[in-house]
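The values are calculated or read from the model by the stated rules, or taken from the named source; none is laboratory data. None of these values were measured; they are calculated from a predicted model. No Cβ is skipped: glycine too gets one built from the backbone with ideal geometry, and neighbour counts run over all protein chains shown.
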Amino acid sequence: MKTISYLILLLTFFSACNNSNTKKTQPGFKVNEIYSAASEKADQTIDVTGMVNHVCSHSGRRCFLIDQTGEYSIRVEASGDIESFGKELIGKNIQVTGILKENRLMASEIDELENKYLAEHPEDANNNGEHCSAEMANINQMREWMKQHGKDYYAIYYIEGLKYEILQ
């Protein structure tokens, strides 16, 4: 009887251990979902899933993940267990665990960017910066975001990547 009780105890123990290892964790964010929760999740560890569409060629210490539409992207900086990102990741879906970081670009810094741009491109100064310029479009987009959100800064989010895995 003691042997049977001992075996049941052992089976229960191993079953409990096995269940804890296979416990499913809550799925992370997709790239397009991060921005709606970013201000609340800043400086927290999160999981994010997306497709690698660019790896910086010089050091591989940075990559960019995009969503399925290509409309949303987020930068991932290598840190933690990640030494670098290899070019072979381009086009693959990965899940990154990392700390969501926020970098604030203040309104005065945006003004400086605009002034510098207009000084280098005087043809746009006469058109109120409405020339076909990606730089001016970005500046205007930042200002519009600040206006819509009632902020005196533009938030730029990125992930300090701690580890990643390639998804199938």
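Structure notes:
- Every listed requirement among (1) at pLDDT 95 or above; (2) more than 20 Å from LEU167 (Cα to Cα); (3) surrounded by 10 or more Cβ atoms within 10 Å (Cβ to Cβ) is met by ASP43 save one, (3).
- Taking segment 135-161 as the range and being within 25 Å of GLY50 (Cα to Cα), surrounded by fewer than 16 Cβ atoms within 10 Å (Cβ to Cβ) and aliphatic (A, V, I, L, M) as the test, only ILE156 passes.
- Scanning segment 91-126 for residues that are loosely packed, with under 13 Cβ neighbours inside 10 Å and not charged (D, E, K, R) gives GLY91, ASN103, SER108, ASN115, ALA119, PRO122, ASN126.
- Residues (charged (D, E, K, R) and either over 11 Å from GLU160 (Cα atoms) or without any contact (Cβ under 8 Å) to a residue 60 or more places away in the chain (or both)) located in segment 61-80: ARG61, ARG62, ASP67, GLU71
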